[in-house]
Amino acid sequence: MVGVCFVSFTRNSGRWLRGLLDNVVDEIVIVDGYSSDDTVEIAKSYGAKVFQRKPRGYVEPDRAFAIRQCKNDWVLYLDTDKRLNSKLKRDLRKIIEHTIESNLLSNND
C-alpha cells in the first residue's frame, strides 16, 4: 500500500483540528506557530509529529521544512479549516496507486 504524509500548519487551531485529523492518511506532520490553546496536544493525540516554529508571515520555509520531515513519498497539504472525507481519502489512494502502477508498467517497456 502507498503511504501518504499529511501536512498542515497550525496556530491556535484546536477547535478545527479534530475534524481535520479524523480521516487523515498514514503519517501526520504539523508545523505549529506556538499555539496557546490545545492544538499541539490534540495533534499529538493523533500520533502527529509536531514541530513548533516561529511564524514568519509566509508559509514557504515551513512548507519546505514540513515536507522534509515526511517519510512517505506522497504529501497531502490541507488548511486546518478543510476536511478530507472518507470517500476522498479512498479516491486519492486509488489515484496514487494507479499512477504508481502506470509508472511501473511504462518503465518495463
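Could you compute the longest span of the chain free of chymotrypsin sites (Phe, Trp or Tyr not before Pro) located in DSSP loops and having at most 13 other Cβ atoms within 10 Å, not counting the site residues? That gives 59-109 as the longest site-free run.
Counting pairs on different chains as well as pairs 8 or more places apart, how many Lys pairs in the chain have Cα atoms under 20 Å apart? Going through the chain pair by pair, I get 7.
Label sites at GLU60 and TYR77, each approximated as a point 7 angstrom past Cα along Cα to Cβ, lie 1.1 nm apart. Computed from backbone phi with θ = phi - 60° and the Karplus coefficients 6.51, -1.76 and 1.60, the 3J(HN,Hα) list for the range 83-100 is 9, 10, 7, 4, 5, 4, 4, 4, 5, 4, 5, 4, 4, 5, 5, 4, 4, 5 Hz; x is used for glycine and proline. With R₀ set to 30 Å, the beta-carbon distance separating LEU88 from ARG53 gives a calculated FRET efficiency near 0.60.
Between the beta carbons of TYR46 and GLU97, assuming R0 = 22 Å, the FRET efficiency works out to 0.40 to the nearest 0.05. In this structure, the amide hydrogen of THR10, modeled 1.01 Å from its nitrogen in the peptide plane, lies closer than 5 angstrom to those of VAL31, ASP32, GLY33, counting only residues at least 5 positions away or on a different chain.
Less than 5 angstrom separates the built amide H of VAL4 from those of ASP26, GLU27, all sequence-distant by 5 or more or on a different chain.
Each value in this text was obtained by applying a stated rule to the coordinates, not by laboratory testing. Computed from a predicted structure; not experimentally measured. Every residue, glycine among them, receives a Cβ derived from its backbone with ideal geometry; neighbour counts consider all protein chains shown.
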